[in-house]
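**Student:** I am attaching a structure below and will ask some questions about it afterwards.
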Amino acid sequence: MKNSLLSLLVLFSSFAIGQNDQAKPPLIAVKIPLEGSIFLKGVSIKFLEVLEDSRCPDGVSCVWAGRAIVKVEINSNGQTIEKTIIFGKTKPEEDGNTNLFNSRELTINGLTLNPYPNVENLGEDTNYQLLVYEEKNQ
């Protein structure tokens, strides 16, 4: 009797512990083409230019993983600012924060720069797209 009671206790406690993990909702990104702009919840974001794209291409062994640096223009409530964000490795004096806009209700972050370079498209003109996503602040 004691063994079956102990077995039931272990079984039910494992169910209770397993239910504590909550899945994170997926990120839904919005694409901004190079020199294009989007309008999210009263905020305009324009993808101005790619300042650097030294990311290590797929299919190549590199000493350094590289990075992409992009410049964007953010307009909100009549104020316009330009920001530079870095995707990938940063130097000690650089900020690796990809936040574009932050308010009490909303945060907009940069997600990545597409396309990622590979061996086949090295040195070719690319149709860059900046991916951004929004988060609701609670």
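**Student:** Please go through region 23-60 and give me each residue that is among the basic types (K, R), buried (at least 16 other Cβ atoms within 10 Å of the Cβ) and in a strand (DSSP E or B), ordered by number.
**Tutor:** Residues of region 23-60 among the basic types (K, R): 24, 31, 41, 46, 55.
From what's left, buried (at least 16 other Cβ atoms within 10 Å of the Cβ): 46, 55.
K46 - this is the single residue of region 23-60 that is among the basic types (K, R), buried (at least 16 other Cβ atoms within 10 Å of the Cβ) and in a strand (DSSP E or B).
**Student:** Could you check region 86-120 and list, in sequence order, the residues that are out of contact with any Phe, Trp or Tyr (no Cβ under 8 Å at 6 or more places or on another chain), assigned to a strand (DSSP E or B) and over 15 Å from S54 (Cβ atoms)? Before you say what the answer is, go through the steps one by one.
**Tutor:** Just the residues of region 86-120 that are out of contact with any Phe, Trp or Tyr (no Cβ under 8 Å at 6 or more places or on another chain), to begin with: 86-88, 90-97, 99-106, 116-120.
Next, only the ones that are assigned to a strand (DSSP E or B) stay: 86-88, 99-102, 106, 118.
Answer for region 86-120, where residues must be out of contact with any Phe, Trp or Tyr (no Cβ under 8 Å at 6 or more places or on another chain), assigned to a strand (DSSP E or B) and over 15 Å from S54 (Cβ atoms): N99, L100, F101, N102, L106.
**Student:** What do you reckon, is I74 surrounded by 15 or more Cβ atoms within 10 Å (Cβ to Cβ) and either free of Cβ contacts under 8 Å to residues at least 40 places away in the same chain or of a type in the set (S, T, N, Q) (or both)? Steps first, answer last, please.
**Tutor:** Working: surrounded by 15 or more Cβ atoms within 10 Å (Cβ to Cβ): yes; either free of Cβ contacts under 8 Å to residues at least 40 places away in the same chain or of a type in the set (S, T, N, Q) (or both): yes.
Judged against the criteria, I74 is a match.
**Student:** Also, quick follow-up: Tally time: how many residues in region 38-71 are touching a residue at least 12 places away in the same chain (Cβ under 8 Å) and hydroxyl-bearing (S, T, Y)?
**Tutor:** Residues that pass the stated criteria total 2.
**Student:** Does V63 count as at pLDDT 85 or above, over 21 Å from A29 (Cα atoms) and out of contact with any Pro (no Cβ under 6 Å at 6 or more places or on another chain)? Outline the logic, then answer.
**Tutor:** Details: at pLDDT 85 or above: yes; over 21 Å from A29 (Cα atoms): yes; out of contact with any Pro (no Cβ under 6 Å at 6 or more places or on another chain): yes.
The answer is yes for V63.
**Student:** Can you find even one residue in region 2-12 that is surrounded by 10 or more Cβ atoms within 10 Å (Cβ to Cβ) and either modelled with pLDDT of 85 or more or touching a Phe, Trp or Tyr at 6+ places or on another chain (Cβ under 7 Å) (or both)?
**Tutor:** The answer is no; no qualifying residue exists.
The values are calculated or read from the model by the stated rules, or taken from the named source; none is laboratory data. What you see is a predicted model, and the numbers here were worked out from it, not measured in a lab. Glycine also receives a Cβ, built like all others from the backbone with ideal geometry; neighbour counts cover every protein chain displayed.
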